[in-house]
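Everything on this sheet refers to the single structure shown next.
The values are calculated or read from the model by the stated rules, or taken from the named source; none is laboratory data. This one's a predicted model, so the numbers in the text were calculated from it and none came from an experiment. Reconstructed Cβ throughout: ideal geometry from the backbone, glycine too, with neighbour counts over all protein chains shown. Accessible surface is based on the protein model in full, side chains and every heavy atom, while ligands, DNA and RNA are left aside. Shrake-Rupley method; radii C 1.70, N 1.55, O 1.52, S 1.80 Å.
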Amino acid sequence: MQLTYLFDPLCGWCFGAGPVLEQLSQLPGITLYLAPTGLFAGENARPMDAGFAAFAWQNDQRIARLTGQKFSDGYRARVLGASGAMFDSAPTTLGLVAVGLTAPNREIEALKLLQRVRYVDGRNNADLSVVADVLASAGFDEAAGRVMSPDEELLAAYRARVDAARRDMARFGAQGVPGLIAKEGSGSRLLQSNLLFGDFKALAAQLQSV
């Protein structure tokens, strides 16, 4: 079975889904494909301001209560509190695509790392230099170098990944992220996103019925 995970690395709900995503990746017979949608990237980016920061923090606390994921005070102060800084997922998405080209079996590891850097360590992963530093520190040296000097292959792969994810969202009527598309044989369907935040056994049962 192939699972396509629709997400954005700056989406708090996607961070909240991290534990379930990791369990999914370890199931036998499952191929998990990361599909970054560019929800907050490029033309969809926006500057951070007090109103947006307050909204995000309130939402993050709800996610924390539901999932047990940690949103630190450092994240609140240094990321949400960085008024005027861009809320832009393009740098982190580019980093993940670079890992996909250079160490494809470690993409989920890289996503978890880059999310933790933001939400727990309080570093702004909307900055290319931060993304490159984090990747280099974790042994993704080739990906880190390509992030700082993006070549045409990397940029084309970035566009292709985002475009494919957006087509999947449109095809299955996904209203946002995170989302999970299950495909086995000729059948495929979009699963209810709340399954990513509940009992893992319920999600496993849904997969068996695809």
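General observations
- Filtered residues of region 101-114 (kept if of a type outside the set (D, E) and open to solvent by 10 Å² or more (accessible area, probe 1.4 Å)): L101, T102, A103, P104, N105, R106, I108, K112, L113
- Only one entry of D151, D121 meets the criterion of being farther than 26 Å from T67 by Cβ and open to solvent by 40 Å² or more (accessible area, probe 1.4 Å), and that entry is D151.
- Residue match in region 165-180 (condition: assigned to a helix (DSSP H, G or I), under 19 Å from L34 (Cα atoms) and acidic (D, E)): yes
- Scanning region 80-96 for residues that are open to solvent by less than 10 Å² (accessible area, probe 1.4 Å) and small (G, A, S) yields S89, G95.
- Inter-residue pairs, beta-carbon under 8 Å, first outside any loop (DSSP other than H, G, I, E, B) and in region 133-150, second exposed (fewer than 14 other Cβ atoms within 10 Å of the Cβ) and among the hydroxyl-bearing types (S, T, Y), 6+ apart: M148/S129
- Number of positions in region 28-66 that are touching a Gly at 6+ places or on another chain (Cβ under 9 Å) and assigned to a strand (DSSP E or B): 3
- So S129, is it farther than 17 Å from P9 by Cα and open to solvent by 40 Å² or more (accessible area, probe 1.4 Å): no
- Qualifying residues in region 13-27 (those that are open to solvent by less than 10 Å² (accessible area, probe 1.4 Å) and among the small types (G, A, S)) - the one nearest to R118 (Cα to Cα): G16
- Among the residues of region 28-42, those identified as open to solvent by 50 Å² or more (accessible area, probe 1.4 Å) and either of a type in the set (V, I, T) or modelled with pLDDT under 95 (or both) are P28, G29, T31.
- Residue match in region 70-91 (condition: in a helix (DSSP H, G or I), under 15 Å from the mean Cα position of the chain (by Cα) and under 19 Å from V131 (Cα atoms)): yes
- Scan of region 49-69 for residues that are open to solvent by less than 20 Å² (accessible area, probe 1.4 Å) and under 18 Å from the mean Cα position of the chain (by Cα), ordered by number: A56, D60, I63
- Filtered by the rule that a residue be in contact (Cβ under 8 Å) with a residue 60 or more places away in the chain and acidic (D, E), region 151-171 gives a lone residue, D168.
- Test: N105 is under 26 Å from Y33 (Cβ atoms) and not in a helix (DSSP H, G or I): no
- Complete set of residues in region 171-202 that are closer than 29 Å to A64 by Cα and small (G, A, S): G173, A174, G176, G179, A182, S193, G198, A202
- Only a single criterion out of (1) over 20 Å from L32 (Cα atoms); (2) touching a Phe, Trp or Tyr at 6+ places or on another chain (Cβ under 9 Å); (3) of a type outside the set (K, R) is not satisfied by N124, namely (2).
- Condition met for T4 (within 21 Å of E184 (Cβ to Cβ), surrounded by 14 or more Cβ atoms within 10 Å (Cβ to Cβ) and modelled with pLDDT of 95 or more): yes
- Residues of region 161-182 that are open to solvent by 60 Å² or more (accessible area, probe 1.4 Å), at pLDDT 95 or above and either under 19 Å from G12 (Cα atoms) or not acidic (D, E) (or both): R166, R167, A170, R171.
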